[in-house]
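First the structure, in the form of structure tokens, and then the observations on it.
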Amino acid sequence: TSYSQQWSTSIETDLGDGLILETGYFGTRGTKLLGARDINQPAASPQFPNLRPVPFFLDISQIESAFDSIYHSFQTRLQCRLRGGLTGLFSYTWSKSIDNASAFFPSAGDANYPQDSNNVAAERGLSSFDLRQRFAGSFAYDLPLGRGRPLGRHARGLLATLISDWQLNSIVSLQTGQPFTVALPGEFDNSNTGFANLGFGAGDRPNVLGNPVLAH
């Protein structure tokens, strides 16, 4: 049975004047996560034909709880309580998620199989849903309009009704992009280990022959 472990520690500080600051560390580990691999995949070889362990069959899919994940994050949150009619909540998260199977039968570009089903450890890398940085901010502001407010305090009748009790609200979310793995098209079998027949399968990953970072 798959399970997860979570742990955290945080410190909350009252900065005065209605400002509350909270910082903390949060972690999660997933164990025995569900995944699939081809237990009939041959080892990479230039030999042709490169026979499978059971040559009378192609893929033999084994669904197993043998994958894992780890997540670490630093989170901070600033809460502003009613300063001149302003209430706000702002949070920032720096995190990193690593696993060897981000999802089971995914449809977002993840392979359903490892590149090498005999070496699942080689699939360890950034999770497909990893977001390294994320900022979220929200605020509510009581506009200083209408009865008893700095602007329009002397308004009467219909005008006072129209301009009173207005509030401005906003939410903004900013985050870095998600990683992706470059994979060769399905018709290329450079490792000579056979083709997967289950969805977007075990495509080979290309070798890095030069510097993959752009000069500008």
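Just so it is clear, none of the values below were taken in a lab; they were calculated from the coordinates. Keep in mind it's a predicted model, so treat the numbers as computed, not measured. Positions of Cβ are generated from backbone atoms using ideal geometry, with glycine treated the same way; all protein chains shown enter the neighbour counts.
So the values come out like this:
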quantity: Cβ charges +1 (Lys, Arg) and -1 (Asp, Glu), total dipole of region 7-77, debye; calculated: 480 debye
quantity: For the chain, built as a Gaussian network whose Cα springs stay under 10 Å, the top-fluctuating residue of Ala140, Ala36, Ala103; calculated: Ala140
quantity: Candidates Leu58, Leu21, Leu162, ranked by Gaussian network fluctuation over the chain, Cα under 10 Å, top entry; calculated: Leu162
quantity: Region 7-133: radius of gyration over Cα atoms, expressed as a fraction of 2.2 N^0.38 Å; calculated: 1.64
quantity: Sorted largest first, extent of the chain alpha carbons per principal axis (Å); calculated: 91, 40, 36
quantity: Cα convex hull volume per residue for region 1-48 (Å³); calculated: 157 Å³
quantity: Given charges at beta-carbon only (K, R positive; D, E negative), |dipole| of the chain in Debye; calculated: 1080 debye
quantity: GNM flexibility winner over the chain from Phe74, Phe188, Phe57 (Cα, springs under 10 Å); calculated: Phe57
